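Right, one structure below, let's go through it.
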Amino acid sequence: MTNRLYIIGAVIIGALYVLFSSIYIVDEREQAIVMRFGQITDVRTEPGLYFKIPTDFVDSVQIVEDRLLRYDIANMRVQVSGNAFYQVDAFLTYRIADARLFRERATGQLSVAEDRIGASLDAALRQVYGLREFSDALSDQRAQMMQETRDLIRPDLAELGLDIVDVRILRTDLDAEVSATTFERMRAERLAEAALLRARGQEQAQSLRAIAERQSVEIVAAATRDAEIIRGQGDAERNRIYAAAYGQDAEFFEFYRSMEAYRAALTNTGTTMVLSPDSAFFRYFGSGGQLPAASTNFGTPIQPMAAPELPATGNEPALDGLGIEESVAPSLTLEDGSELQPTIGTEAPAPVEAPAAAEPAEVAPAQP
């Protein structure tokens, strides 16, 4: 009885082994390579339950990935045209497109395939970067560089049954040795540009200052000239009015001038004068305060003259209304094409209108 139970148990275990060794399941994320005595007989790419000859001595199944896979490369040192170096991080995505070829060329092992992928990606990146100038690697050519890299490695990896879906460059940084040199060069360029702008600004400031000083001298000179002309014409008009006024009554004028002389000589001067009573100086001194007889023969009333007019300086706009020509302030053109205009006013102010001349006033005749 005991032996019979052992036999039944052994039969059941053998049957279960045969059953489970003849069944294999393919997941939707996988594909199966079926081999008989080491030769590939079938490739299962559709998910489901499949059967084979029991045990692995005759038929064996190798499961490989059917998903998108990723391979990363980091801190890769590449050289561009001009002997500059970059530190590059990149990755690519791929999938096993031909499982049969993948088994024959890479023994179905991802580690073997990734060794080939790393070598191909390294060589392709070096070739793509080597054809670029220093600034191109950081410009809008990046998308084109990634596409060129993918196209370079795709035929090589297709021999392993791999399909390269995409290549992406994550980081492109200057190499540590080049970074310091590049920074110093950029700093020197910016300092030179700043010095150039300062020099141009100082040149413009000196030019504007010279123009302002010249205009100031010209304005003051013109104002002084016109003031002297107006003052001289005013003095002449004053003397003419005095002469005309005093000429209307010569006797009164002589009396008035004598009174002015008495005031200047005798008022708070502390001066002692010894003169003869018959001196002409005392002609009106002893008159008892009596004025001389008034003259009845008056001259023509004095008419005031119009205000003097300055000579015209032309129809061109003047800076101050006095004939000073306007000077054009220089402008500064920067490297980006923009113009830097001076911030001082250069337009001529509106000329100040002269007040209307007063109507001629009649001079009343001198009263006795």
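The values are calculated or read from the model by the stated rules, or taken from the named source; none is laboratory data. These numbers come from a predicted model, not from an experiment. Using ideal geometry, Cβ is built from the backbone for each residue, glycine included, and neighbour counts are taken over all protein chains shown.
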query = (1) under 60 Å from the mean Cα position of the chain (by Cα); (2) modelled with pLDDT of 80 or more; (3) among the β-branched types (Val, Ile, Thr): which one isn't true of Ile241, the others all being true?
reply = (1)
note = Exception for Pro47 within (1) farther than 30 Å from Gln127 by Cβ; (2) within 57 Å of the chain's Cα centre (by Cα) falls at (2)
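Only residues that are under 40 Å from the mean Cα position of the chain (by Cα) and surrounded by 12 or more Cβ atoms within 10 Å (Cβ to Cβ): list them for the range 59-76, please.
Those that are under 40 Å from the mean Cα position of the chain (by Cα) and surrounded by 12 or more Cβ atoms within 10 Å (Cβ to Cβ): Ile73, Met76.
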key: Check on Arg171, surrounded by 12 or more Cβ atoms within 10 Å (Cβ to Cβ), touching a strand residue (DSSP E or B) at 6+ places or on another chain (Cβ under 6 Å) and without any contact (Cβ under 8 Å) to a residue 12 or more places away in the chain   = no
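Is it the case that the range 198-211 has a residue that's in contact (Cβ under 8 Å) with a residue 40 or more places away in the chain, surrounded by 10 or more Cβ atoms within 10 Å (Cβ to Cβ), among the hydroxyl-bearing types (Ser, Thr, Tyr) and part of a strand (DSSP E or B)?
No, because not a single residue in the range 198-211 is in contact (Cβ under 8 Å) with a residue 40 or more places away in the chain, surrounded by 10 or more Cβ atoms within 10 Å (Cβ to Cβ), among the hydroxyl-bearing types (Ser, Thr, Tyr) and part of a strand (DSSP E or B).
Is at least one residue of the range 130-137 in the same structural domain as Leu152 (by TED's automatic domain parsing) and either modelled with pLDDT of 90 or more or assigned to a strand (DSSP E or B) (or both)?
Initial filter on the range 130-137 (in the same structural domain as Leu152 (by TED's automatic domain parsing)): 130-137.
Filter once more, so that each one left must be either modelled with pLDDT of 90 or more or assigned to a strand (DSSP E or B) (or both): none.
No, every residue in the range 130-137 fails to be in the same structural domain as Leu152 (by TED's automatic domain parsing) and either modelled with pLDDT of 90 or more or assigned to a strand (DSSP E or B) (or both).
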message = So, Phe85, is that one in the same structural domain as Leu162 (by TED's automatic domain parsing) and surrounded by 20 or more Cβ atoms within 10 Å (Cβ to Cβ) or not?
response = no
inquiry  = Checking the structure you have, find out if any residue of the range 246-262 is part of a helix (DSSP H, G or I), basic (Lys, Arg) and modelled with pLDDT of 90 or more.
reply    = no
inquiry  = It is to be established whether one or more residues within the range 142-154 are of a type in the set (A, V, I, L, M, F, W, C), surrounded by 14 or more Cβ atoms within 10 Å (Cβ to Cβ), outside any strand (DSSP E or B) and touching a residue at least 60 places away in the same chain (Cβ under 8 Å).
reply    = yes
